[in-house]
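Data block below; observations after.
The values are calculated or read from the model by the stated rules, or taken from the named source; none is laboratory data. Since we're looking at a predicted model, the values are computed, not measured. Using ideal geometry, Cβ is built from the backbone for each residue, glycine included, and neighbour counts are taken over all protein chains shown.
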Amino acid sequence: MEWMALLGVVKILGFCFVCMAQQQNQEILDAKSGFNLLRILAGAHATTIIVFTHTGFGSEALGFRGITAALLLLACFTFTGNEFYLNFFWAFLVALAVQRVTTVFKLRKGYRIHSRFDGLPLLAVWFLISAKLAEILEPVLCLAAGMFLMWLENEELYPLAYWLFLGFLSLGFELAVFEFSMHKRVQAREDALLEMEQFQERWEGK
């Protein structure tokens, strides 16, 4: 039942975003827009997790994503009636406020942080591993934690277990998109450098 309720919430949120996009563009969503919608939903869900597991966010990292994450939790509470999501919502707001204050203090101390930086995983801080390895481990740990909660057979913990199962998907999706985006940026930079060299050679008549 919980899975069906969550699926209904995702469908409703998706419909809302589609309506907003149609009002702005008055066009049918194409494949790119559908992918962007998926990114928004995955980003919202992932944000409800990393706000507790990351530190040192950029000044704008939790802006739009923070709002969509809060709306996602409220929508889950509204359509499931499970108080877990309401409690999660309040805990999320507290964690969000703490992260914002932490960011402000770091910026005032002179730290240079990309405005959209998603924060450094606490796994990397605590266990002295690379941030990339920590980001790979996070979805796996979500899956393992969800399985452990299900193994306890405590119905009150099932919503959290389901949320962590979805975290395996959302965090994994976010990581894959980020890595692909970085690859394309590096490729574009290398292509630009190569073109500059070619233009220079032609200009010098080589």
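Comparison of F180, F168, F199, F173 shows that the only residue that is in a helix (DSSP H, G or I), among the aromatic types (F, W, Y) and more than 23 Å from L41 (Cα to Cα) is F199. When you check L71 against the structure, is it farther than 25 Å from G146 by Cα and modelled with pLDDT of 55 or more, yes or no? Against the criterion (farther than 25 Å from G146 by Cα and modelled with pLDDT of 55 or more), L71 does not qualify. Based on what the data block shows, is I40 surrounded by 14 or more Cβ atoms within 10 Å (Cβ to Cβ), touching a Gly at 6+ places or on another chain (Cβ under 7 Å) and modelled with pLDDT of 85 or more? So I40 fails the test. When the test is whether a residue is closer than 18 Å to L123 by Cα and among the small types (G, A, S), G56 passes it.
For segment 111-165, the candidate set comprises residues that are touching a Ser or Thr at 6+ places or on another chain (Cβ under 9 Å) and of a type in the set (V, I, T); within that set, the residue that is nearest to A44 (Cα to Cα) is I113.
Look at segment 57-68: where a residue is closer than 17 Å to H45 by Cα and modelled with pLDDT of 90 or more and a partner is polar (S, T, N, Q) and buried (at least 16 other Cβ atoms within 10 Å of the Cβ), sitting 6+ places away or on another chain with Cβ atoms under 6 Å, you get F57/Q99; F57/T103; R65/T47.
Going through segment 95-128 one residue at a time, which ones are out of contact with any strand residue (DSSP E or B) (no Cβ under 9 Å at 6 or more places or on another chain), assigned to a loop (DSSP other than H, G, I, E, B) and either exposed (fewer than 13 other Cβ atoms within 10 Å of the Cβ) or not basic (K, R) (or both)? The answer is K109, G110, Y111, R112, I113, H114, S115, F117, L128. If you go through segment 148-165 and keep only what is assigned to a helix (DSSP H, G or I) and loosely packed, with under 13 Cβ neighbours inside 10 Å, you end up with F148, W151, E155, E156.
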